[in-house]
Amino acid sequence: MALTQVKSDSNSLMRPQPPAPVGVFDSGIGGLSILRALRAELPNERFIYLSDSAHAPYGERGDAFVNDRCFAITQQLREQHGIKALVIACNTATAAAIHNLRTAHPDLPLIGIEPAVKPAVALSQTRHIGVMATRGTADSTKFQTLLSHLQAQSQEPIRFTVQACDGLAAAIESQNATKIRALLADYTSAMGRFGNQKNDMDTLVLGCTHYALAIAPLRSLVGNAVQVVDNGPAVARQTRRLLASTHQLASCSAQHDEAGQTNAGTLQLLATGDSMALVNAAAHWL
Ligand code: DGL
């Protein structure tokens, strides 16, 4: 893995090199859980990851703020880095802005992320699914519509217990282990009983990319019988499909710069604010 650059000043960035990279962004480090799956699925691609750490967290800020950040980041990644596609590795940002971004950037392949409730319905035996998400995602029309559709389509009754987890993404961003554990304990106990008995939640959807980075303490609270659904691999496959359909998939042979050095699989990290959390998390998770 090559971590080519971390910058807290987003105005003085490297000139793009051919072939163009795939942009990935989140409010902070959470999207690394998606980036990991992307790099496994697409080893020949160059990636540029932007953590909007100067404006994190997004989850309790409201749609207008998040929408504005998404527009600013998309413009920056297009103009300064010439990205060929953009993965919004953030459920909150997808719910708030993907529709508007698609309208404003019809020529840019855009991949969003939403809580993996659809695969969870296929997996659950007890028909009771827990969803942990930010308030922005949990309250969004996009997510509420998704739940209603699934309930309407389902032949057997299905129940969703949705928990808005205020403060949890911020605690994960700052790697405050005591706070992470305390919040996880509060939120999982407020949700009800996890397990594989009748009425238990046997499937848990992580509706915020940050939460995947707290999987160990979460697992110890909900137990091993619970299936935790991670949508990173599905997002990565969707990105591959979209790149292939627009004839933009990188091939190994196309990945050489003027000096004959390979660019395959390189990664550039950017942060709009503090970059330490990103550097540490990338070293740990990638
Ligand atoms: N990681 C993001 C998500 O998936 C946002 C967390 C936050 O900034 O509140 O929703």
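No value in this document is a laboratory result; all are computed from the given coordinates. Everything quoted here is computed from the prediction, not taken from an experiment. Cβ sites come from the backbone with ideal geometry, for glycine too, and all protein chains shown count toward neighbours.
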Legend entry - Cβ-placed point charges (K, R +1; D, E -1), dipole of the chain about Cα centre in debye, nearest 20: 520
Inset, instruction - Could you list which residues have their amide H under 5 Å from that of ILE129, counting only those 5 or more apart in sequence or on another chain, with H placed in the peptide plane? - result: ARG159, PHE160, THR161
Legend entry - Likely footprinting exposure, HIS284, HIS210, fewest C-beta neighbours within 10 Å first: HIS284, HIS210
Inset, instruction - Could you tell me which of rounded, prolate or oblate describes the range 146-286, using a ≥ b ≥ c as the square roots of the eigenvalues of the alpha-carbon gyration tensor, with rounded for a/c under 1.5 and, failing that, prolate when a/b is larger than b/c and oblate otherwise? - result: oblate
Inset, instruction - Towards the positive end of the charge dipole of the chain, with charges on Cβ (+1 Lys, Arg; -1 Asp, Glu), say which of VAL22, HIS55, ALA72 has the farthest Cα. - result: VAL22
Inset, instruction - For each of PHE25, PHE47, count neighbouring Cβ atoms within 10 Å of the residue's Cβ, then give the residues from fewest to most. - result: PHE47, PHE25
Legend entry - the range 101-217 shape via C-alpha gyration tensor axes, a/c threshold 1.5: oblate
Legend entry - the chain, helix-only ellipticity at 222 nm - DSSP H runs n ≥ 4, -39,500 (n - 2.57), divided by all residues, nearest 500: -12500 deg cm²/dmol
Inset, instruction - Quick one: which residues, 5 or more positions from ILE83 or on another chain, have an amide H under 5 Å from its amide H? H modelled 1.01 Å from N in the peptide plane, none for Pro or chain starts. - result: ARG78
Inset, instruction - Could you tell me what % of all Cα pairs in the range 181-250 have separations over 17 Å? - result: 52
Legend entry - the range 108-121 - phi-based ³J(HN,Hα) in whole Hz, Karplus 6.51/-1.76/1.60, Gly and Pro as x: 9, x, 10, 10, x, 9, 9, x, 7, 6, 5, x, 5, 4
Inset, instruction - For the chain, calculate the relative contact order in percent as a whole number, restricting contacts to Cα pairs under 8 Å that are 6 or more residues apart. - result: 33
Legend entry - ³J(HN,Hα), Karplus 6.51/-1.76/1.60, whole Hz, each residue of the range 78-94, x for Gly, Pro: 6, 6, 8, 10, x, 4, 9, 7, 9, 9, 8, 8, 8, 5, 5, 5, 4
Legend entry - Prolate/oblate/rounded call for the chain, Cα gyration tensor, a/c under 1.5 rounded: prolate
Inset, instruction - Within the range 147-199, report the chymotrypsin sites (Phe, Trp or Tyr not before Pro) that DSSP leaves as loop and that have at most 13 other Cβ atoms within 10 Å. - result: none
Inset, instruction - Would you mind ranking LEU38, LEU101 by Cβ crowding within 10 Å, fewest neighbours first? - result: LEU101, LEU38
Legend entry - Derived scalar couplings ³J(HN,Hα) [the range 178-185; Karplus, 6.51 cos²θ - 1.76 cosθ + 1.60; whole Hz; x for Gly, Pro]: 5, 5, 4, 4, 5, 5, 4, 5
Legend entry - Check: the range 144-242 dipole with +1 on Lys, Arg Cβ and -1 on Asp, Glu Cβ, in debye: 240
